[in-house]
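The values are calculated or read from the model by the stated rules, or taken from the named source; none is laboratory data. All of these numbers come straight from a predicted model, not from anything done at the bench. Ideal geometry is used to build each Cβ from the backbone, glycine not excepted, and the neighbour counts take in all protein chains shown.
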Amino acid sequence: MTDAIQISSPRDGIGVITLNRPERRNAMNHALLAGLYDAFDRLRHDRTCRVIILTGAGAGFCAGLDLAEGVALPDMIGLDRPSAGMRVQQYIAELIPTMRAQPQPIIVAVNGAASGGGLALALGSDIRLAAESARFNVAFIRVGLSACDIGTSWLLPRLIGASRAHELMLTGRFADAEEALRIGLVTRVVPDTGLMDAAFAEAELILANGPFGVRMTKEVMWSQLEIGSLRAGIDMENRTQVLSSFAGDMEEAMAAFIEKRPPRFSV
């Protein structure tokens with residue numbers, strides 16, 4: 001773990017990953033990216049962690065790639081420019097499939113700007129909350145590159161619709177928190193001082209549900225965005241539902257309901 005990422009467990013069942021380069025608006029360099037990979041890997045194997053909150057230290061969530069420093073990977077020595085560029089590109093972009101494969105739901109709490117790679121991290125999360133100061137933009141196109149980067153051109157149209165996504169991608173303009181809420185990019189906007197409280201409240205709602213069912217829901221809900229037919233989608237649901245019935249969470253949930261008490265799920 002690097003100093004560019006902090007992990008904490010302020011409440012039972014909740015892990016918080018904080019991007020920690022506030023002096024650079026948490027821009028992505030090798031230390032921050034490597035720290036993110038390490039953090040997700042560490043929490044993936046922590047059975048006591050059932051929900052992850054991702055946020056940024058200081059006044060901004062993530063300003064995207066650190067254009068001054070770049071991303072220098074240890075295994076790039078001796079590579080020609082195209083090979084080195086592809087190595088860095090793949091390294092950064094693989095964060096999004098990593099987040100999708102994470103067994104815990106990820107709630108992103110966006111404070112300040114989420115630009116370029118910062119927007120991609122928000123899109124790759126399962127639930128998006130925004131502070132009133134939050135702003136979002138597809139920054140890649142503003143620096144002479146394609147807007148299609150780090151999964152953005154796949155995720156953004158599926159979350160807010162193709163028409164709105166295409167306009168944001170072609171212009172690179174900022175959408176403020178109010179617009180982000182209106183177009184469905186985020187599900188809630190709160191005052192800056194209440195952002196983490198809102199994220200914890202959302203996490204507690206998830207924790208009230210069975211752990212195995214939550215994990216299967218995350219896995220299937222994302223897979224459904226790629227499945228080409230209703231029949232295939234229902235077939236996946238059927239198998240997952242039967243599998244979930246063997247986890248023991250349903251029996252505990254039903255017993256808790258009858259006994260009028262909170263459920264006590266095993267992890």
Within segment 220-249, take every residue that is surrounded by fewer than 16 Cβ atoms within 10 Å (Cβ to Cβ) and touching a Gly at 6+ places or on another chain (Cβ under 6 Å) and give me the one that is nearest to R47 (Cα to Cα).
Q224
Scope segment 72-120; condition outside any strand (DSSP E or B) and either within 16 Å of A199 (Cα to Cα) or not assigned by TED's automatic domain parsing to the domain that holds H30 (or both); matching residues
Q104, P105, N111, G112
Considering only residues that are assigned to a helix (DSSP H, G or I) and of a type in the set (S, T, N, Q), look in segment 209-267 and name the one that is nearest to D126 (Cα to Cα).
T217
Select, from E179, E252, the only residue that is in the same structural domain as A122 (by TED's automatic domain parsing), acidic (D, E), out of contact with any Lys or Arg (no Cβ under 6 Å at 6 or more places or on another chain) and surrounded by 15 or more Cβ atoms within 10 Å (Cβ to Cβ).
E179
Please give the number of the condition R81 fails out of (1) surrounded by 15 or more Cβ atoms within 10 Å (Cβ to Cβ); (2) more than 17 Å from the chain's Cα centre (by Cα).
(1)
Going by the conditions given, is V16 part of a loop (DSSP other than H, G, I, E, B) and either crowded, with 18+ Cβ neighbours inside 10 Å or in contact (Cβ under 8 Å) with a residue 60 or more places away in the chain (or both)?
no
Whether any residue in segment 125-132 is hydroxyl-bearing (S, T, Y), within 22 Å of S8 (Cα to Cα) and either part of a loop (DSSP other than H, G, I, E, B) or modelled with pLDDT of 95 or more (or both) is what I want to check.
yes
What is the one condition in (1) among the hydroxyl-bearing types (S, T, Y); (2) touching a helix residue (DSSP H, G or I) at 6+ places or on another chain (Cβ under 6 Å); (3) surrounded by fewer than 19 Cβ atoms within 10 Å (Cβ to Cβ) that T217 does not satisfy?
(2)
